[in-house]
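Colleague: My structure is below; once you've seen it, I'll send some questions.
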């Protein structure tokens, strides 16, 4: 599980600021995902990526931007943070086009004040 | 898109009893159904999964059943232990357009095993 890491682990930011959450995996997995976890909502998909330069929206993409210029990195940017984006964010990766296990990073707890 | 419903949201059992968590999914094209366990403050981790060509799968004290016709699947934990206490998530994988797929999760079940 050490193969997928997120940074920072904790972040406090102010409303309106731009913030980027980083995700890095060392397995060369094709698929990468960003989820947010909120009490009562479980894990909701924000964006996902099938390969470098291929990204697509998930269930709750508004207010977020992603990029994937390299296979191993999948940063998530909040362009103008809002209090409703206070959450725990999980990045995950998966091996191939077949349905296989998704491995999660340790999460980033983001607080927007 | 895919919608996954999970019940119950909380479940409390006595040590040694069995626990059952149920999920339904909406899209008949889904073909992969994993279950994740998340301990407090930790990341979700896969505990068992099942593919649509299989009706049941077992791994020691945990088992998963799948009913494709009814579009529901269940997690069964037997002889529960305090260390089974955690949040459990079911998920369904939908193959969307092209080569992409996405994993849709239920809202989770908080399982508490009382000693």
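Colleague: Six or more apart or on different chains, Cβ atoms under 6 Å: show the pairs whose first residue is in segment A:45-57 and at negative phi and at the interface with chain B (Cβ under 9 Å from one of its Cβ atoms) and whose second is loosely packed, with under 15 Cβ neighbours inside 10 Å and not in a strand (DSSP E or B).
Modeller: A:50/B:99
Colleague: Another question, then. If you check residue B:93 against the conditions, is it in contact (Cβ under 8 Å) with a residue 60 or more places away in the chain and out of contact with any helix residue (DSSP H, G or I) (no Cβ under 8 Å at 6 or more places or on another chain)?
Modeller: Yes: the conditions hold for residue B:93.
Colleague: Which numbered condition trips up residue B:21, out of (1) surrounded by 14 or more Cβ atoms within 10 Å (Cβ to Cβ); (2) free of Cβ contacts under 8 Å to residues at least 24 places away in the same chain?
Modeller: (2)
Colleague: Select from segment B:1-12 the residues that are more than 11 Å from chain A (Cβ to nearest Cβ) and more than 11 Å from the chain's Cα centre (by Cα) and write down the one among them that is farthest from residue B:90 (Cα to Cα).
Modeller: Initially, segment B:1-12 is screened for residues more than 11 Å from chain A (Cβ to nearest Cβ), giving B:7-8, B:10-12.
When the remaining residues are screened for being more than 11 Å from the chain's Cα centre (by Cα), the result is B:8, B:10-12.
Working: B:8: 12, B:10: 14, B:11: 15, B:12: 18 Å.
This residue is B:12.
Colleague: When you scan segment B:13-107 for strands (runs of 3 or more DSSP E) that lie fully inside it, which ones turn up with 2 or more residues that are in contact with a strand residue (DSSP E or B) (Cβ under 7 Å, 6 or more places away or on another chain) and within 9 Å of chain A (Cβ to nearest Cβ)?
Modeller: Counting at least 2 such residues, we get B:32-38, B:45-51, B:86-95, B:101-105.
Colleague: Taking residue A:36 as the residue in question, decide whether it is within 24 Å of residue B:35 (Cβ to Cβ) and in contact with a strand residue (DSSP E or B) (Cβ under 9 Å, 6 or more places away or on another chain).
Modeller: Against the criterion (within 24 Å of residue B:35 (Cβ to Cβ) and in contact with a strand residue (DSSP E or B) (Cβ under 9 Å, 6 or more places away or on another chain)), residue A:36 qualifies.
Colleague: For residue B:40, state whether it is on the phi < 0 side of the Ramachandran plot and either in contact with a helix residue (DSSP H, G or I) (Cβ under 8 Å, 6 or more places away or on another chain) or buried (at least 16 other Cβ atoms within 10 Å of the Cβ) (or both).
Modeller: No: the conditions fail for residue B:40.
Colleague: Ok, one more. With respect to the numbered conditions (1) in a loop (DSSP other than H, G, I, E, B); (2) modelled with pLDDT of 95 or more; (3) buried (at least 21 other Cβ atoms within 10 Å of the Cβ), which one is the sole condition not fulfilled by residue A:16?
Modeller: (3)
The values are calculated or read from the model by the stated rules, or taken from the named source; none is laboratory data. Keep in mind that what you see is a predicted model, and the values were worked out from it rather than measured. Here the Cβ is made from the backbone with ideal geometry for all residues, glycine too, and neighbour counts use every protein chain on show.
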